[in-house]
Number of protein chains: 2
Amino acid sequence: MVTMKDVARKAGVSVSTVSLVLSGRGVGRITEEVADRVRASAADLHYVPNLVAKGLRTKQTHTIGLLSDSVASTPFAGKMLAAAQLEAWESGYLLLLIDTADAREMEEPATQALLQRNVEGLIYASMYHRDVQLPQLPDGIPVVVMDGRPTDLDRADWIVPDEQGGARLAVQVLLDAGHRRIAFCNNAEPIPASAGREKGYGDALADAGIAYDPALVVHAATNTADAGRAAVLDLLSRPEPPTGIFCFSDRIAIGAYRAATERGLRIPDDLSIVGFDNQEFIADVLSPPLTTVELPHTQMGTWAARRVIKRLRTPGVSLPVKNEYASCQLIIRDSVGHPALPS
Amino acid sequence: MVTMKDVARKAGVSVSTVSLVLSGRGVGRITEEVADRVRASAADLHYVPNLVAKGLRTKQTHTIGLLSDSVASTPFAGKMLAAAQLEAWESGYLLLLIDTADAREMEEPATQALLQRNVEGLIYASMYHRDVQLPQLPDGIPVVVMDGRPTDLDRADWIVPDEQGGARLAVQVLLDAGHRRIAFCNNAEPIPASAGREKGYGDALADAGIAYDPALVVHAATNTADAGRAAVLDLLSRPEPPTGIFCFSDRIAIGAYRAATERGLRIPDDLSIVGFDNQEFIADVLSPPLTTVELPHTQMGTWAARRVIKRLRTPGVSLPVKNEYASCQLIIRDSVGHPALPS
């Protein structure tokens, strides 16, 4: 069995240098030339460090488990994973990911599987802001929920998007362009994002002194272009149709574009539209490009990794449960104009 | 320390039943009622099985490492990961994923990190069909490359899309509609996908008895809508412009749509367009919806997991290196029509 000592001897460096290089923690501390020599020596000797044995000895695996429910398999939130991975990596931790691909029955065994591999902490990632039922976990394992809230709020740190603030931004850009009859095409699914965005819509109107008009709030049956089209056609049939529409999502905004085209309305000349999500490709492909609100996936990923690492680095310290509403950002493109003058 | 025996006693079942349930291999073998009782007992006793200790004893971790270069963080190939994960899971293996987010310097330490966790096999996933430089690996670890080819072809099993066959399908759908002047807007980047699709384009024309016309092959500088628009505008300026265009990708097809609009050409009445990738949302958002070729992400993911598991289950058997070109599928939508009669 080749040991780290053998590698150190062959490379002519200390064992701790070998350890830093091979654990990936040598960047910035060990010169590239030395690091290359260490790696070459390790390769020549076919050295494979055995973290299983080491884990038993030190109880530290520098590994964080990440359980995701289809995040890896959807275009939606990949940036969140990438950000968490990068943050962990730069702090000397490895993120082991298991994606359950929306199979709820996999969650508990997948969690067990991660615990069996002696992960020191866990991150639960949801594809969209929802209430997350955490499985049974042993004490002393820090847990962070990312883009979701644990049903028992005290059981874990969590970060979600500030849906309400994001919706305010979306409505504000319409108000700033001069719109007064602003509709909201919400998603009918009972998820926190729907409630939060509806609240933000109401707040922005109230701040502008505009009375809430229930005739201007509709619900797409699902978060799809087809359902959005149907709901927006409904809005456009009102005796006094809106001049601007805030859509729950970019997907629903696709439907709003279609509805506008069917009614012979030009965007933004006759109708202004704002989306939510800044989902890759949709905004780029729509014509005109869509003004929308970007979800803070990168910030959520970074925050979650930082938070779990902070807990790991302060063992024995009882940090209070922390939660965060991450700010969304307005992305201005070409789908908002001034309201048409009444003809 | 709570053992599996304690859980078995509390639940009133055998130790092997507990083992099946807690390892996730009980589905279909153990009734849900018994499985629930086992899980409740394990939870009550705060039982955490320790695979680290078990791994040392049996040398079997039933874990496969998956190293990806930004697959998890791009919309493109998430289905491939999901398929590999599902296949592994259903065979009793766990897939531990590390995504290097395109940081090449992470590949070697990430591989080491997976080996340290005693993965039994490795899958390397590329975001797109490219030549993959594998890092130094110890002997006896099965390796499969997914959506890429190892630079040393004998070092690993590999699966890539049948780019050539996919391109033939794309051109054939134009031929079948009656087109004879069929252009190819390729991607200028020197990747296997470009070469393979250009070969398939030439083959399909040759089979139809149409001479290859170099004036009908252009290269978008990058795989983007903007570069595609410029290249297709060039094509449409030819003395005898094409009536149908096969685009290297759906993104380049977005550019082709824009170029057509700028020239006042209707799709498919005046110009037919076929894409490649069947990338989520693009085909749905474009108007008219895009006829395109789907990359076999699901098949590649399933194949890779199966292949590595096959090697793990036949230890000591020297299986020859296997490679596979996975078939692409034509997705017919509304962007291909009959060529306009000469006016």
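Each reported figure results from applying straightforward, stated rules to the coordinates on display, with no laboratory input. In this text the structure is predicted, and so the values were computed from the model without any measurement. FYI the Cβ positions are ideal-geometry reconstructions off the backbone, even for glycines, and counts take in every protein chain you see.
For A:Leu45, the label point sits 7 Å beyond Cα toward Cβ; its separations from the matching points on the remaining copies run 4.2 nm, from shortest to longest.
Modelled spin-label separation between B:Ala188 and B:Ala43, with each label point placed 7 Å from Cα along the Cα-to-Cβ direction: 6.0 nm. Taking amide H as placed 1.01 Å from N in the peptide plane, the amide H of B:Thr291 sits under 5 Å from that of B:Gly275, B:Arg333, B:Asp334, B:Ser335, B:Val336, each at least 5 places away or on another chain.
Note on segment A:4-49: with charges restricted to the Cβ of Lys and Arg (+1) and Asp and Glu (-1), its dipole about the Cα centre is near 160 debye.
Label-point distances for A:Ala208 to the equivalent site in the other copies, using a point 7 angstrom along Cα→C-beta, read 5.3 nm when ranked shortest first. Computed from backbone phi with θ = phi - 60° and the Karplus coefficients 6.51, -1.76 and 1.60, the 3J(HN,Hα) list for segment A:273-288 is 9, 10, x, 8, 2, 6, 6, 3, 6, 4, 4, 6, 8, 5, 10, x Hz; x is used for glycine and proline.
Shortest first, A:Gly28 label-point distances to identical copies amount to 4.8 nm, with the label point at 7 Å from Cα along Cα→Cβ. The mean sequence distance of close C-alpha pairs (under 8 Å, at least 6 residues apart), as a share of the length of chain A, puts its relative contact order at 17 percent. Taking every residue in A:103-112 and counting other chain Cβ atoms within 10 Å of its Cβ, the average works out to 4.
Relative to its residue count, chain A spans a Cα convex hull of 164 Å³ per residue.
Based on Cα atoms of the protein assembly as shown, Rg over Rh with Rh as the Kirkwood radius reads 1.01. For chain B, what does the helix formula give at 222 nm: sum of -39500 (n - 2.57) over DSSP H segments with n ≥ 4, over the residue count, nearest 500 deg cm²/dmol? Here the helix-only value at 222 nm equals -12000 deg cm²/dmol. In sequence order, segment B:86-98 has phi-based couplings of 5, 4, 4, 4, 5, 9, x, 10, 10, 9, 9, 9, 10 Hz under the Karplus curve 6.51 cos²θ - 1.76 cosθ + 1.60, θ = phi - 60°, and Gly or Pro positions carry x. Sequentially through segment A:296-301, phi angles give Karplus couplings (6.51, -1.76, 1.60; θ = phi - 60°) of x, 5, 4, 4, 5, x Hz, Gly and Pro residues having no value and appearing as x. Taking amide hydrogens as placed 1.01 Å from N in the peptide plane, the amide H of A:Cys328 sits under 5 Å from those of A:Asp162, A:Gly166, each at least 5 positions away in sequence or on another chain. Across the cross-link table entries A:Lys79/A:Lys310; A:Lys79/B:Lys79; B:Lys199/B:Lys310; A:Lys322/B:Lys79; A:Lys79/A:Lys199; A:Lys10/B:Lys322, which are compared at the Cα atoms, the separations over 25 Å belong to B:Lys199/B:Lys310; A:Lys322/B:Lys79; A:Lys79/A:Lys199; A:Lys10/B:Lys322.
Coordinate range of the alpha-carbon atoms in segment A:4-49 per principal axis, descending: 25, 17, 15 Å. Amide H to amide H distances under 5 Å link A:Asp102 with A:Ser70, where only residues 5 or more positions off or on other chains count and H is placed in the peptide plane. Taken as Cα centroids, segment A:189-249 and segment B:197-246 sit 44 Å apart, rounded to the nearest whole angstrom.
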